[in-house]
Amino acid sequence: MFTIKVDDEIELGLLEERHAPALFELTDRNREHLREWLPWVDGTTSLEDSRTFIRVSLETFSYNNGFPVGIWYQGYLAGCIAYHYFAWNTRRTEIGYWLGQEFSGKGIITRAARKLIEYGFGELGLNRIEIRCAPGNLKSRAIPERLGFTREGILRQVGIIHDGIVVDMVIYGLLVDEWAAKQVKP
Ligand SMILES: CC(C)(COP(=O)(O)OP(=O)(O)OC[C@H]1O[C@@H](n2cnc3c(N)ncnc32)[C@H](O)[C@@H]1OP(=O)(O)O)[C@@H](O)C(=O)NCCC(=O)NCCS
């Protein structure tokens, strides 16, 4: 399995079909927590849905079209983080993430995203990474703000949340040069 070690507690790894029960159980247990901001939660009603997600994720990875991985915290599947796509002509991508509620408040996404950014700029040669958040999703917005992204503006009515509600999205961007400049600061 392809893995990236974040630190002593966190590991990112490709989800395989054998992880489907754990993934479905995590999603099902956190339905109320996740559905407010993630439109796919209500449509994930069976183990087969989680299997399909994993199959599509593996395909996306194998075609070099994105990078969806599971997050393991102290050996437990805690959530997912992804590069949703790669626009190779502009070397640009977008990060998305979610966590089971019991794993929140520990800096897991902040640490995982920081590592994924390092991998994206360092290993994959990306130039620009975006994070899009609904204006009211303050926990999600705190991630790019903590990681030094620039708040670039608001895209009107491009996002979808629970019950098919269409919302604006705050767009955050980080460029490789900005990230590199931060790495050499004391
Ligand atoms: C968005 C979401 C992933 C954020 O989770 P989170 O736990 O707040 O984020 P992190 O894992 O980075 O943890 C940050 C918290 O841990 C604390 N923390 C502890 N140790 C930390 C560390 N080493 N580094 C950073 N933060 C740390 C921070 O202070 C912060 O707590 P606070 O919110 O009380 O200030 C989570 O709320 C979620 O899954 N929401 C539903 C799905 C969703 O909205 N996804 C995003 C769609 S755009």
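The values are calculated or read from the model by the stated rules, or taken from the named source; none is laboratory data. Every value quoted in this text rests on a predicted model; they were computed, and no experiment measured them. All Cβ positions, glycine included, derive from the backbone under ideal geometry; neighbour counts span all protein chains shown. Note: accessible area is taken over every heavy atom of the protein model, side chains too, but ligands, DNA and RNA are not part of it. Shrake-Rupley method; radii C 1.70, N 1.55, O 1.52, S 1.80 Å.
Each row is one residue, and each column tells you yes or no for (1) closer than 26 Å to VAL6 by Cβ; (2) within 13 Å of the ligand (Cβ to nearest atom).
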| residue | (1), (2) |
| --- | --- |
| GLY120 | yes, no |
| GLY125 | yes, no |
| PRO144 | yes, yes |
| THR150 | yes, no |
| GLN157 | no, no |
| ILE161 | no, yes |
**OP:** Sort out which residues of region 45-71 are open to solvent by 70 Å² or more (accessible area, probe 1.4 Å) and β-branched (Val, Ile, Thr), and write them in order of number.
**Re:** THR45, VAL56
Original post:
Across region 136-168, what is the number of residues that are of a type in the set (A, V, I, L, M, F, W, C) and farther than 23 Å from GLY120 by Cα?
Top reply: 9
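Each row is one residue, and each column tells you yes or no for (1) of a type in the set (S, T, N, Q); (2) outside any loop (DSSP other than H, G, I, E, B).
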{"position": "GLU11", "(1), (2)": "no, yes"}
{"position": "ALA20", "(1), (2)": "no, yes"}
{"position": "LEU26", "(1), (2)": "no, yes"}
{"position": "GLU32", "(1), (2)": "no, yes"}
{"position": "TRP37", "(1), (2)": "no, no"}
{"position": "TRP40", "(1), (2)": "no, no"}
{"position": "THR44", "(1), (2)": "yes, no"}
{"position": "GLU48", "(1), (2)": "no, yes"}
**OP:** Collect the residues in region 164-177 that are in contact (Cβ under 8 Å) with a residue 12 or more places away in the chain and more than 15 Å from the ligand (Cβ to nearest atom), keeping them in residue-number order.
**Re:** GLY164, LEU174, LEU175, VAL176
Subject >> Verdict on ARG35 being of a type in the set (Lys, Arg) and crowded, with 17+ Cβ neighbours inside 10 Å >> reply: yes
**OP:** Please enumerate the residues belonging to region 23-51 that are under 22 Å from TYR83 (Cβ atoms) and within 18 Å of the chain's Cα centre (by Cα).
**Re:** LEU23, LEU26, THR27, LEU34, TRP37, LEU38, PRO39, TRP40, VAL41, THR44, SER50
Subject >> Identity of the residue in region 72-106, free of Cβ contacts under 8 Å to residues at least 12 places away in the same chain and open to solvent by less than 70 Å² (accessible area, probe 1.4 Å), that ends up farthest from the ligand (Cβ to nearest atom) >> reply: ALA87
Subject >> Criterion (more than 10 Å from the ligand (Cβ to nearest atom), under 16 Å from the mean Cα position of the chain (by Cα) and either hydroxyl-bearing (Ser, Thr, Tyr) or not in a strand (DSSP E or B) (or both)) met by exactly one of ILE4, ILE54, ILE109 >> reply: ILE54
**OP:** State all residues of region 145-154 that are within 16 Å of ILE95 (Cα to Cα) and either in a strand (DSSP E or B) or of a type in the set (Phe, Trp, Tyr) (or both); if no residue qualifies, say none.
**Re:** PHE149, THR150, ARG151, GLU152
Original post:
Among the numbered criteria (1) under 23 Å from ILE108 (Cβ atoms); (2) open to solvent by less than 90 Å² (accessible area, probe 1.4 Å), which single criterion is violated by GLN183?
Top reply: (2)
